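The values are calculated or read from the model by the stated rules, or taken from the named source; none is laboratory data. These numbers come from a predicted model, not from an experiment. With ideal geometry, Cβ positions are generated from the backbone for all residues, glycine too; neighbour counts draw on all protein chains shown. Ligands, DNA and RNA are stripped out before the accessible areas are found, and what is left, the full protein with its side chains, is counted by its heavy atoms. Shrake-Rupley method; radii C 1.70, N 1.55, O 1.52, S 1.80 Å.
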Amino acid sequence: MSFLDLYMNRNPMITASSDDSEPVAIVFGIPFDSTHSYKPGCRFGPDVIRDAFNNIEIFHPQFGIDLESVNIEDLGNTTHTVVASEMIDMVGKITKELIEKKRQLFILGGEHSLTFGTYMSFPKETGYVVFDAHYDLRDEFANTKLSHAAYLRRIVEQRGADNILHVGARAFVKEELEFLKKNNIKTISDKQVREGNGPKMLKDFTSSFDSMYASFDLDVLDPAYAPGVGNPEAAGMTSRELFDLIYSLENKNITGVDIVELNPQYDNGATASIAAKIMSTLIAMNLSRLNYK
């Protein structure tokens, strides 16, 4: 029995095309938010992102790609658990199995702690860029080390910081800044994004990697654009600034993506539509890079 059979509910919501072509991407959700620290409810995010994806336009003329005519394999959501260590172990096993399929992989959250299980399952040489209002570099939060506020510190402790770039931080504590500087973690600040330097800096960082993993914590955006998140932070980037950063990755091999911290209870639909557009855009960019016809 595979881990997919063991842990996935196999209840897809994304509407696939009717042909029998091979899937161009794989999607699964992780309905987990047990280490939340402000507004609980991110466990309901995966299905809301899917619903938005099914209802936005997914034709990308700038890339010559129409996702209406491709197959996207939706595996449904993982088995529910409230124990962080169980969740991380489970998604790690699932992710390792899916990587072997050699397809672009999208993970829908759920809270950011899940990335410790997903990214760590990719080859060690995979570059990692995270868009987030917070550094998530605390040693622990609420007496747990496997917290959404500490996941990136766990990654750095195990893999080092050479392959990591953090984009958009504007809210953190002294402990995190000290750890960031001690470990020479590379950053693009929220100020550098506002000044228009973000896309070039991101392109320069990713130029040395053959493959990339991208993590999108939706609270990187100003709450005016993304009100439905677990830990909103004022004075963030605009949705246009975020997509300018995404478009700078047009020619990169982005093998894994997670989109996390969507909280539908506080959303007006805007946050979900942005999350869906992130997924749609990255699939289209990847197919364009591969000259998909």
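In the complete set of protein chains, residue-level accessible area for Leu218 is approximately 0 Å², probe 1.4 angstrom. Normalised per residue, the accessible area of the chain is 42 Å², obtained with a 1.4 Å probe and no contribution from ligands, DNA or RNA.
The portion of the accessible surface of region 128-225 made up by carbon and sulfur, rounded to a whole percent, is 47 (1.4 Å probe; DNA, RNA and ligands excluded).
Calculate the dipole size of the chain relative to its Cα centre from +1 charges on Lys and Arg beta carbons and -1 charges on Asp and Glu beta carbons; express the result in debye to the nearest 20.
640
Given their separation in residues at 0.36 nm each and the Cα-Cα distance between them, Ser85 and Ala234 gain 50.5 nm when the chain is fully extended.
For region 40-116, the square roots of the Cα gyration tensor eigenvalues, ordered a ≥ b ≥ c, give a/c of at least 1.5 with a/b no greater than b/c, which places it in the oblate category.
Residue pairs exceeding 25 angstrom between C-alpha atoms, taken from Lys101/Lys252; Lys39/Lys96; Lys39/Lys145; Lys145/Lys191; Lys102/Lys124: Lys39/Lys96; Lys145/Lys191. In this calculation the C-beta distance from Asn251 to Asp5 is compared with R0 = 30 Å, giving a FRET efficiency of 0.25.
Taking 0.36 nm per residue of sequence separation and removing the Cα-Cα distance, the Glu175/Ser189 pair yields an extension gain of 3.3 nm. Within the straight-line cut-off of under 18 Å between alpha carbons, the aspartates and glutamates reachable from Lys174 are Asp132, Asp136, Asp139, Glu140, Asp190, Glu233, sequence neighbours fewer than 8 places apart in one chain being disregarded. Relative to its residue count, region 92-200 spans a Cα convex hull of 121 Å³ per residue. When you filter the GluC sites (Glu not before Pro) in region 90-127 for DSSP loop state and at most 11 other Cβ atoms inside 10 Å of their Cβ, you are left with Glu100, Glu125. Per the Kirkwood formula applied to alpha carbons, region 1-76 shows a radius of gyration over Rh ratio, Rg over Rh, of 1.05.
Do the sum for the chain: with -39,500 (n - 2.57) for every DSSP H run of n ≥ 4, divided by all residues, what is the mean residue ellipticity at 222 nm, to the nearest 500 deg cm²/dmol?
For the chain, the value works out to -9500 deg cm²/dmol.
Computed about its Cα centre, the charge dipole of region 5-99 is approximately 500 debye, with only Lys, Arg, Asp and Glu carrying charge at their Cβ. Measuring r between the beta carbons of Glu100 and Ile56 and using R0 = 35 Å, the FRET efficiency lands at 0.70. Decide, for region 156-293, between rounded, prolate and oblate: order the square roots of the alpha carbon gyration tensor eigenvalues as a ≥ b ≥ c, take rounded if a/c falls under 1.5, and otherwise choose prolate if a/b is larger than b/c, else oblate. Because a/c hits 1.5 or more and a/b fails to exceed b/c, region 156-293 counts as oblate. Dipole of the chain computed with +1 at Lys/Arg Cβ and -1 at Asp/Glu Cβ about the Cα centre; of Pro232, Thr35, Gly127, farthest Cα towards the positive end is Gly127. What is the diffusion coefficient of the chain in µm²/s, taking the Kirkwood radius over Cα pairs and the Stokes-Einstein relation at 37 °C with a viscosity of 0.692 mPa s? This corresponds to a translational diffusion coefficient of 175 µm²/s. Overall, region 44-177 carries a charge dipole of about 400 debye about its Cα centre when +1 sits on the Cβ of Lys and Arg and -1 on the Cβ of Asp and Glu, all other atoms neutral. Reported value for region 218-293: 85 Å³ per residue, from the convex hull of its C-alpha atoms.
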